[in-house]
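Coordinate-derived values only; no laboratory data. Since this is a predicted model, take the numbers as computed values, not measurements. All Cβ positions, glycine included, derive from the backbone under ideal geometry; neighbour counts span all protein chains shown.
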Amino acid sequence: MASSPARVPGDQPPVALPADLPAHLSASLVTDLDEGDAATTSSLAAALAAVPDTRHRRGRRHELSGMLAIGACACLTGATSYVAIGEWAAAQGQAVLDCLDQQPRRRALPCESTLRRCLQDTDAPALDAAVAGWAGTRLAAQQAAAAHAADRLLAPANAGRRVIAVDGKTLRGSAPRSTPEQVAAAARGGGRTHLVAGYDHASGVTLGQVACSAETGKGGEVAAAVTLAAALDSRGLLAGSVITFDAGFTARELAADLRARGAHWILRVRGNQKTLHARLKALPWKDVPEAARVRSVGHGRIETRTIRVIDLDGSSDGRGEFFPAARQALKLVRRRRDRHGRWSVQTVYAITSLDANDADPAQLACWVRGHWSIEAGLHWVRDVTLAEDHSQIRTANGPQNLAALRTLALNALRLTGHTNIAAGLRQHARTPLLPLITFGLA
């Protein structure tokens with residue numbers, strides 16, 4: 001089947017759409033270009049252009065946004081190192097710069113060492129904010145289009161709450177090893193970059209990512225989560241949303257900050273909150289009937305999940321408030337039988353700021369279970385499919401910036417309908433111009 005030409009901004013020649021381009025992506029691209037939607041075709045370029053360039057003005061040969069765009073496109077083809085990004089830049093980088101209209105005189109492309117220095121020195125929080133802002137804007141546009149289509153079809157749009165999973169992840173190979181002290185710290189597991197991300201349950205898009213301070217590392221997860229909440233709130237994503245957390249984020253200051261911003265939360269409670277955990281276990285659960293039961297079969301196992309709910313406003317153990325703004329306590333029991341007939345039982349306790357009018361027990365159980373989508377849909381994919389666990393990038397801001405570009409690539413694949421991330425990377429690797437199309441640069 002012949003390729004169909006599509007117009008690109010400026011005086012560049014037409015770009016031929018690949019013959020194996022998915023139909024939904026090809027149709028969407030042609031529609032955007034035919035309508036002249038400048039915001040769609042240049043949103044990533046505008047986002048990357050907002051990242052401040054800290055280099056000295058003298059001696060600059062390449063624009064920062066162009067090099068970041070090259071790095072993003074290379075990561076979308078599966079590049080996992082500076083060398084791989086440099087090789088992709090040598091092969092296809094000129095097309096990126098042409099689309100951005102940054103090198104009309106055809107200067108030399110940035111080499112691998114230039115790209116490496118750029119990614120090491122770029123302001124990491126600013127790049128994280130640019131990546132998150134682009135993904136959030138694209139996701140909002142898709143959701144608005146879906147709601148508009150539902151209205152035209154006289155079908156009710158999904159009016160459910162936005163649910164965001166927040167969790168932390170350590171970049172294993174990111175600890176610096178320039179001095180004997182750093183080598184010793186790295187051997188003990190210290191010095192690594194630790195990131196806290198917010199992940200949309202429904203779409204699988206990462207809405208924001210913040211690094212913990214270098215001094216606290218993983219111990220600074222709560223402070224990083226507060227910073228992430230402020231960033232999400234500034235973009236209008238927090239008010240009315242439900243934020244799900246693992247037990248490591250069960251902190252009073254975080255819960256109070258979220259409620260002050262208009263968000264609800266669901267917090268798991270484990271041994272790290274011994275007093276609270278003991279008080280929840282001591283509640284009269286045997287006197288409370290099952291509120292919901294769900295049975296599922298898949299992945300070689302049969303699992304039954306039950307949930308019981310107690311209204312904390314109407315119950316007391318004589319020891320005062322359980323937790324600030326907590327309205328309900330949850331007890332979830334998971335009984336699982338694997339393919340070998342072995343049974344396992346897990347009991348989970350949680351608290352939430354939602355009351356009985358905000359969500360029914362079955363919905364609460366779904367949200368608690370859905371929290372683990374951040375592990376499977378983000379952390380596992382970045383570790384295994386994008387080889388983040390094997391990365392040895394450890395100098396300056398390199399680890400965090402490369403993690404931001406991997407997240408950007410993952411978001412782009414999810415936003416364009418790819419469900420198999422590995423297959424999406426392979427498709428972009430064998431189709432030279434497809435990364436430009438996916439990012440809306442061409």
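Points worth noting:
- GNM flexibility winner over the chain from Asp338, Asp246, Asp53 (Cα, springs under 10 Å): Asp338
- For the options Lys169, Lys286, Lys331, a Gaussian network treatment of the chain with springs between C-alpha atoms closer than 10 Å singles out Lys286 as fluctuating the most.
- Note on Ala50 and Ala140: with the Förster distance fixed at 25 Å, the Cβ-Cβ geometry gives a FRET efficiency of about 0.90.
- Contour excess over end-to-end distance, with Cα ends at Ala90 and Ala214 and 0.36 nm allotted per residue: 41.2 nm
- Given (1) 25.7; (2) 24.6; (3) 23.0, the label whose value is mean projected area of the Cα convex hull in nm² derived from this model: (1)
- Spin-label model, Trp380 to Ala422: label points 7 Å out along the Cα-to-beta-carbon direction sit 1.2 nm apart.
- nm² value of the averaged projected area, convex hull over the Cα atoms of region 262-304: 5.7 nm²
- For the pair Arg293 and Asn272 in one chain, pulling the backbone fully straight at 0.36 nm per residue adds 4.8 nm over the alpha carbon distance.
- Proxy reagent accessibility, fewest Cβ within 10 Å first, across Val333, Val222, Val96: Val333, Val222, Val96
- Cα-based convex hull volume of region 354-442 per residue, rounded to whole Å³: 152 Å³
- Gain upon complete extension [Asp317, Asp360; 0.36 nm per residue less C-alpha separation]: 13.0 nm
- Rg followed by Dmax, in Å, when region 266-360 is reduced to its Cα trace: 14.9, 46
- Loop sites by DSSP among the GluC sites (Glu not before Pro) of the chain, restricted to those with at most 16 other Cβ atoms within 10 angstrom, leave 1-214 as the longest stretch without any of them.
- For region 289-442, the spread of Cα coordinates along the three principal axes comes to 64, 42, 31 Å, biggest extent given first.
- Three principal axis extents describe the C-alpha atoms of region 291-344; from largest down they are 46, 17, 15 Å.
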